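Below is one structure, written out as structure tokens; comments come after it.
No lab work stands behind these numbers, since they all come straight from the coordinates. Quantities reported herein were computed from a predicted structural model and do not represent experimental measurements. Reconstructed Cβ throughout: ideal geometry from the backbone, glycine too, with neighbour counts over all protein chains shown.
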Amino acid sequence: MTIRLAAAAAILLSIGMPATAHRLDEYLQATLISVEKNRVQMQVRLTPGVAVFPIVLAIIDTNADGVISESEQGVYAERVVRDLSVTVDGDRLRPRLVSTKFPGTGEIKEGRGEIQLEFSADLPRHRPNRRLIFENHHQSRIAAYLVNFLVPRDPDIRFIAQNRNDSQSLYQLDYVQAGVRSDALSLAWWSGARGWLGTAALLLFARLALLWRQRA
């Protein structure tokens with residue numbers, strides 16, 4: 001999935017990209033969302049401009065030794081995920097870190113390196129009509145956000161609409177998942193079935209009682 005996300009990112013994210021490259025005083029954060037039946041995946045690509053590099057590095061390199069260690073990478077990745085909010089049908093999801101990729105500080109300083117973080121979250125009980133809402137609040141004072149989604153390979157998942165706010169810190173995706181009975185229909189079916197079973201049980205009991213009387 002990581003390879004597939006990376007391969008499609010350049011194409012799909014370009015839909016939301018401005019005509020010119022992001023400014024040097026911005027922290028570009030581009031998110032690509034992939035939806036499956038049971039989970040949602042997010043790849044976040046973070047590229048600090050040269051002017052904001054010292055701010056970003058100070059946040060990541062907590063011991064200020066000029067090197068981003070593995071422990072500092074993990075701490076920063078968890079900080080990013082805390083600044084993300086993902087809900088599906090009103091249920092808050094809990095994204096978990098899947099992978100990280102950090103370039104060297106020299107590449108980031110020159111504006112050539114990007115941090116890549118991949119997260120995954122399990123989806124709640126299936127419903128035919130689904131709404132995913134993604135919010136990114138990480139370093140909002142210097143951030144420039146981009147969000148897009150990857151067209152599902154599963155033919156049972158069909159895209160309906162997507163909406164963003166002006167800054168793209170808020171993204172909404174509506175889609176339909178075929179072959180799934182809604183909770184309301186399931187509840188109605190079970191309620192009807194319970195009523196039918198109850199009636200059948202009463203009729204059977206009455207029949208047995210009549211037979212017992214006749215034999216007596």
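Key figures for this structure:
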{"read-out": "Burial ranking of peptide ranges 47-58, 32-43 (average Cβ count within 10 Å, highest at the top)", "value": "32-43, 47-58"}
{"read-out": "Using θ = phi - 60° and Karplus 6.51 cos²θ - 1.76 cosθ + 1.60, couplings along region 136-143 (whole Hz; Gly, Pro as x)", "value": "10, 10, 6, 6, 4, 5, 10, 7"}
{"read-out": "Net charge of neighbours whose Cβ lies under 13 Å from the Cβ of Val147, counting Lys and Arg as +1 and Asp and Glu as -1", "value": "0"}
